[in-house]
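Here, each number is a calculation from the coordinates, and none is a lab measurement. This structure is a prediction, so every number in the text was calculated from the model and none was measured. Virtual Cβ from ideal backbone geometry, glycine too; neighbours counted across all protein chains shown.
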Amino acid sequence: MSPTELARQIIAIDSSVSHGTRDVAQFALQVANSWGLEAEVIDENLSGVAQATILISPKGQNRKIEKVNCGVALTSRLDTPEPGDYGRWIKTGANPFNASMSGDEIFGLGAADCKLDFICKLIALKEAAQNKTDRTKPLVVGTFGRESGAGAIRLLRKKQMSPRAVLASAPTNLRIANRAPGFAKVEISIALSDAEKKYLEQHNQIEGGHSQSKIFSRQRATLGAYSIHDNPIIKMIDYLKNMPSGMALLSVDGGTSAEVAPELVELELDLLDSIEGGVTTKLIRVSEAIKKMATELMSLRDDGFSPPHSTINLGTVRMFSEEIKLSGVCSLVPAGDRAVYEGWLDRLRNECAGAGAQFKLLDFKPPMLGAVDGAFMKFLKDNAGQTGLSDELVAAKVCTEANVFHRLGIESAVFGPGQPVELDSSALECVSVSQLTLAIEFYRNVIENFERQY
């Protein structure tokens, strides 16, 4: 099976956040077994979604044991963001799962981030195994969790995985990344007042009730031009600031993932003048606290990132029968240490509490900053040179499994074909076949040379 055909098949499998990675892991298992490699799928259930991690190694390195020791671990995330509006996928016939060629480029959801990188690693492992390099104990890992690293964390707990070094995946345009942003996932809950809950219940029982609706959309959403003020959730809350104070919110809905700003937010309200001390006032105060933190985060800069500073982003907003919930993430550049970021998050928690809202920090991964002159970094630069690639060290644009392993004192780096996917052009996600070919060669060199050079 050609690399291009493998690319078509793996992109055709839905592994978006809401679907999970179990199906794509089973596909990888079949391919690995057909190539004479040894593979094990570890099923997980994360918030009701069927997830899975897959471990692949040369034949004879039995991984079905409690503790996994290996030389170099090559990891790739198999999950993707939600595809959004299918009509925007103009290069794939309005179907994000239909991998399509245009010149040297393959378009489709997960092409650059990071399904095809996983295929490159799998092919490199197959070729290296044929060259009898299994003494280096290489391991290819397909995982999930995107910026949260959830799959890697569960793998560490279940398998006590202990690699000597980790090369994680993210689109870096075939450059080695020795640093990556940290990640903090937050959830804010704002309870409806008793009067609001009663009104909402009565309104839902009345046929033909009166209400007004408005939609807020994202205009400028590229990572390089990021602004919290462009977020549709913030736009919606700013709109509420100019509305009568006694109005009743009937419905608020937007976003599919905490990690990505929503394309649209839908608001439905009734212009009353009788409900006081409602959720709207609290929502506005929380919004102002978030915007304040966004400004503070901009004070820590690293020009290797785009944008060149830390950010906070809101991804979802939902209205339930008793509360409104907001979720979002912070991307934290290595310019600040863990204590600085935890201090800002604590202040946001306190300001939310002062507004009558509940703040939860659901996940936190510190930034990664690998030593420029570390042994693994030197090894990767040497192998990049052998492959004809640049040995320039860059910054990864997102938090990866490398952040998780780096915290444990394991030398880690990030590398991958393709360009980082910009939010406003995500439906044009692609990677060139020429870069995939170079990535395969680089990974094969890493696997074959690891024991001798590192």
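Can you grab the distance from the C-alpha centre of region 279-296 to the C-alpha centre of region 373-393, Å, no decimals?
Between the Cα centres of region 279-296 and region 373-393 lies a distance of 44 Å.
Taking the 0 to 90 degree range and rounding to the nearest ten, how far is the long axis of helix 338-354 tilted relative to the main principal axis of the chain, both from C-alpha atoms?
Its long axis makes an angle of about 20 degrees.
Give the lysines reachable from LYS158 as a straight Cα distance under 16 Å; neighbours fewer than 8 places away on the same chain don't count.
Cross-link targets: LYS64, LYS67.
Quick one: longest stretch of the chain between exposed loop GluC sites (Glu not before Pro), exposed meaning at most 10 other C-beta atoms within 10 Å and loop per DSSP?
Answer from the scan: 67-206.
Counting only DSSP beta bridges with both residues in the chain, what percent are antiparallel, rounded to the nearest 5?
Percent antiparallel among DSSP bridges in the chain is about 75.
Report the Cα-based extents of region 182-365 along its three principal axes, largest first, to the nearest Å.
Cα extents, longest axis first: 55, 31, 25 Å.
For a quick check of your reading of the filter: which trypsin sites (Lys or Arg not before Pro) in region 119-173 sit in a DSSP loop and have no more than 11 other Cβ atoms within 10 Å?
Those that pass, being in a loop and sparsely packed, are LYS132.
Name the aspartates and glutamates eligible as straight-distance cross-link partners of LYS292: C-alpha to C-alpha under 18 Å, and not fewer than 8 places from it in the same chain.
GLU187, ASP230, ASP238, GLU342, ASP346, GLU351
Taking R0 as 56 Å, what's the FRET efficiency between SER299 and GLN30 from their Cβ-Cβ distance, rounded to 0.05?
Approximately 0.65, to the nearest 0.05.
How big is the dipole moment of the chain about its Cα centre under a simple scheme where the beta carbon of each Lys and Arg is +1, that of each Asp and Glu is -1, and everything else is neutral? Debye, nearest 20, please.
The dipole of the chain has a size of about 1440 debye.
In the neighborhood of ILE237, defined by Cβ-to-Cβ distances under 11 Å, what is the net charge if each Lys or Arg adds +1 and each Asp or Glu adds -1?
+3
What FRET efficiency comes out for GLU201 versus THR4 if R0 is 35 angstrom and r is the Cβ-Cβ distance? Round to the nearest 0.05.
That gives a FRET efficiency of 0.05.
What length, rounded to one decimal in nm, is gained on full extension from GLN219 through to ASN131, with 0.36 nm per residue of separation minus their alpha-carbon distance?
Stretched out fully, the GLN219 to ASN131 stretch lengthens by 26.5 nm.
Along Cα→Cβ, 7 Å out, is where each label goes; now give me the distance between the ones at ASP43 and LEU362 in nm to one decimal.
Modelled inter-label distance: 2.4 nm.
Ordered by residue, what ³J(HN,Hα) values in Hz, to whole numbers, does region 398-409 give under the Karplus form 6.51 cos²θ - 1.76 cosθ + 1.60, where θ = phi - 60° and Gly and Pro are x?
Coupling constants for region 398-409: 9, 6, 9, 4, 4, 4, 5, 6, 4, 4, 8, x Hz.
I need the calculated FRET efficiency for the pair THR437 and ALA375, taking r as the beta carbon distance and R₀ as 22 Å, to the nearest 0.05.
Computed FRET efficiency for THR437 and ALA375 comes out at 0.20.
What nm value, rounded to one decimal, do you get for the distance between ALA94 and ASP382 when each label is placed 7 Å out toward the C-beta?
According to this spin-label approximation, the distance is 5.5 nm.
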